[in-house]
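*Asks:* Sharing a structure below in structure tokens format, with a few things to ask.
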Amino acid sequence: MDFTQVSGCTRQARESLAILQRALADRRVRTAFIASRPRYRGLALWIAHVAEDPNARSFHVRAQAEDWLSSRQTRTEKLIEDLGRPSWNRRTRSETTPSGRLRRMRLKSLARKKDSAKKDSAKKDSET
């Protein structure tokens, strides 16, 4: 299902999509949701979750969706396989976002200040 041109989705439409996905899950049909915006990727993930469909995934790139549709792995099997591969996705948020880098820099600065304060107090103690 391609959500790239979707501009809105009512509650009734979401429920209908979930019912449709449950029917596809019962038939074990592989489904790929393509959504370029986070809001609709979230909708796709919600539909797959509510339908309890291990053969449904959300993608933001059509080529990835096509690869998924041609494979035979379940969503869980694919995630387990990917655990062994190096990926930027496994880095923590603090390593990848500007705010995380800024937080690390502040922590390092605080640690340096504490170390220098300890050194200063040690010097004062040794002088007396």
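Bear in mind that the values in this text are calculations on the coordinates, not laboratory data. These figures come from a predicted structure and were not determined experimentally. All Cβ positions, glycine included, derive from the backbone under ideal geometry; neighbour counts span all protein chains shown.
*Asks:* Which cross-chain or sequence-distant (5 or more) residues have an amide H under 5 Å from the amide H of Asp2, H modelled 1.01 Å from N in plane?
*Replies:* Ile34
*Asks:* Could you give the length gained on full extension between Glu81 and Arg22, defined as 0.36 nm per residue of separation minus the Cα-Cα distance, in nm? Write out the running numbers ahead of the final one.
*Replies:* On the way: separation 59, 0.36 × 59 = 21.24 nm, distance 2.57 nm.
Computed gain between Glu81 and Arg22 is 18.7 nm.
*Asks:* Please give the contour-minus-distance gain from Lys124 to Ser36: 0.36 nm per residue of separation, less the Cα-Cα distance, rounded to one decimal in nm. All intermediate terms of the calculation are to be shown ahead of the outcome.
*Replies:* On the way: separation 88, 0.36 × 88 = 31.68 nm, distance 6.11 nm.
Difference between extended and current length: 25.6 nm.
*Asks:* Right, another one. What's the ranking of 6-19, 114-127, 23-36 by average number of surrounding C-beta atoms within 10 Å, highest first? Write out the running numbers ahead of the final one.
*Replies:* Working: 6-19: 11.7, 114-127: 9.3, 23-36: 15.8.
For the peptides 6-19, 114-127, 23-36, the packing ranking is 23-36, 6-19, 114-127.
*Asks:* Calculate the spin-label point distance for Leu110 paired with Leu69, positioning each point 7 Å from the Cα along the beta-carbon direction, and give it in nanometres.
*Replies:* 5.0 nm
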